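The values are calculated or read from the model by the stated rules, or taken from the named source; none is laboratory data. Just so it is clear, the model here is predicted, and its values are computed rather than measured. When we count neighbours, we look across all protein chains shown, and the Cβ atoms used for this are built from the backbone with ideal geometry, even at glycine.
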Ligand SMILES: [Zn+2]
């Protein structure tokens, strides 16, 4: 009875939309196993209707209804409705009775991963309150996670979300060839407008949430104001914890004003948004790098650069360029760092330079294999990155497995770093350390923000559970990610992205690609007239 009033709401407001017309009048005529929407199923023999997703207000339900004659008219009576959504960043929630809680905090449980068997996690609003066994709280919403695994959300330390625009491009090219074929032409000022940037970044945000990423670094090229605005709008809407690594690519003084304005008006007011400054360490563009390093210091945010991704990058002496530009003064994050010498590893470790490791991208672009074991041994902080279009899939499980596998294949040894345990830590706590956010995220330590994922593993790709922790890396897939919480807010529930018009977002990205393909056949046109930030800095 609890949901009866809500069922009437469903009938009145939503059910009609997803089925065929008014239900009562034509009910007996509808005798198909599925009608209106292929997810909605009706069994005419027993009169049962199953609705996998029904929105009632902000909540999402999975509901079973049964056809019954009431007061002379045919009605649907609710038999079962399960709340798929949970309080959106408000209230208390207990994740109860997980087979394993992998806290990534050795103080909380067994081993380096801090594992608790049959564990519970209590979070309130945006914060983790308690982790352990048999946690009770009469005020909490309980989500039964029996048989599942609970982990900190994955931290994606390097991405270019907009590159879903060029999926599949330049498949037989190395970095230089890929840039030439796939991204160079997109710098044309009439190409990426606000709508295209929004559509493609929004699509990618869904893809990274689906794989269990809770924090993403968007290293954005943003060659046009629309590119910046569309990207920010998509990130804000996504609910992800995000870092906007804003590349100083164009526009001198105006660009600096834009960056300051975005920080002030978009990033700082949002508790899950952060800023970094993007730069590029080449001799020919050292002036820009100096500006970027100075600005990062002024704003007290990290500087984020691509470093020695390809062997040819060495010709430019990028580490010397970074030194000359004063780039080691702010916190420095480098992406790739594939081709480091012994001395450079020692030097960068001494400078506390942090690394985003992108093994799938490095493999696809024939860039090489980062010296993970040596860099890890030298004490460098290493996180994992998906790296946009050249990762091809936003799959953190594949990225972890590849990081492990590449070293084994290279060194012809199976017991090399990273171990499965080390790579799970790199994907969570390691990523948080790279971003300087280790006090906020990266483990399930009480007091940290509630960025949590739940894995469902009684599935054909994962069960049975011989060594479930190893299996996260070896068997895991995005489809095993059952719940994703960012700052206590549910973004994925029961394997479904919450409250997202997925089809429309896919279609919008498809349209954006078509528009850009058409434009590239034409001479350069006028850029969209937009400003990045309303207060002008
Ligand atoms: Zn990159």
Filter result for the condition that a residue is away from the ligand (no atom under 16 Å from the Cβ), surrounded by 24 or more Cβ atoms within 10 Å (Cβ to Cβ) and at pLDDT 95 or above, over 199, 210: 199
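Matching residues to (1) at pLDDT 95 or above; (2) farther than 30 Å from residue 126 by Cβ; (3) out of contact with any strand residue (DSSP E or B) (no Cβ under 8 Å at 6 or more places or on another chain):
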{"residue": "277", "(1), (2), (3)": "yes, no, no"}
{"residue": "286", "(1), (2), (3)": "no, yes, yes"}
{"residue": "324", "(1), (2), (3)": "yes, yes, yes"}
{"residue": "338", "(1), (2), (3)": "yes, yes, yes"}
{"residue": "346", "(1), (2), (3)": "yes, yes, yes"}
Can you name every residue in region 290-320 that is over 26 Å from the mean Cα position of the chain (by Cα), crowded, with 20+ Cβ neighbours inside 10 Å and away from the ligand (no atom under 16 Å from the Cβ)? 293, 295, 319
May I ask you to list the residues in region 427-445 that are buried (at least 24 other Cβ atoms within 10 Å of the Cβ) and in contact with a helix residue (DSSP H, G or I) (Cβ under 7 Å, 6 or more places away or on another chain)? 427, 441, 442, 443
Filter region 323-352 down to residues that are within 16 Å of the ligand (Cβ to nearest atom) and part of a loop (DSSP other than H, G, I, E, B), then give me how many there are. 3
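So that you can scan it fast, the table gives a plain yes or no per residue for (1) closer than 20 Å to residue 208 by Cβ; (2) in contact (Cβ under 8 Å) with a residue 60 or more places away in the chain; (3) out of contact with any strand residue (DSSP E or B) (no Cβ under 9 Å at 6 or more places or on another chain):
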{"site": "404", "(1), (2), (3)": "no, yes, yes"}
{"site": "413", "(1), (2), (3)": "no, no, yes"}
{"site": "424", "(1), (2), (3)": "yes, yes, no"}
{"site": "441", "(1), (2), (3)": "yes, yes, no"}
{"site": "447", "(1), (2), (3)": "no, yes, no"}
{"site": "451", "(1), (2), (3)": "yes, yes, no"}
{"site": "454", "(1), (2), (3)": "yes, yes, no"}
{"site": "458", "(1), (2), (3)": "no, yes, yes"}
{"site": "464", "(1), (2), (3)": "no, no, yes"}
Any chance region 411-431 includes a residue that's at pLDDT 95 or above and within 16 Å of the ligand (Cβ to nearest atom)? yes
Residue set 456, 448; condition touching a helix residue (DSSP H, G or I) at 6+ places or on another chain (Cβ under 7 Å) and either outside the structural domain of residue 238 (by TED's automatic domain parsing) or under 20 Å from residue 383 (Cβ atoms) (or both); output residue 456
Quick check, is residue 366 within 16 Å of the ligand (Cβ to nearest atom), surrounded by fewer than 20 Cβ atoms within 10 Å (Cβ to Cβ) and not in a strand (DSSP E or B)? yes
Counting only residues that are in a helix (DSSP H, G or I) and within 19 Å of residue 218 (Cβ to Cβ), how many does region 179-198 have? 10
Can residue 219 be described as surrounded by 24 or more Cβ atoms within 10 Å (Cβ to Cβ), within 16 Å of the ligand (Cβ to nearest atom) and assigned to a helix (DSSP H, G or I)? no
Tell me, please, whether a residue that is more than 25 Å from residue 270 (Cβ to Cβ), touching a strand residue (DSSP E or B) at 6+ places or on another chain (Cβ under 7 Å) and surrounded by fewer than 22 Cβ atoms within 10 Å (Cβ to Cβ) can be found in region 483-495. yes
Qualifying residue in region 359-369 (condition: more than 24 Å from residue 179 (Cβ to Cβ) and touching a helix residue (DSSP H, G or I) at 6+ places or on another chain (Cβ under 9 Å)): no
Which of the numbered conditions does residue 159 fail, given that it passes all the others? Conditions: (1) surrounded by 22 or more Cβ atoms within 10 Å (Cβ to Cβ); (2) more than 16 Å from the ligand (Cβ to nearest atom). (2)
Quick check on this structure: which one of 244, 328 is surrounded by fewer than 20 Cβ atoms within 10 Å (Cβ to Cβ) and at pLDDT 95 or above? 328
With respect to residue 226, is the statement that it is modelled with pLDDT of 95 or more and within 24 Å of the chain's Cα centre (by Cα) true? no
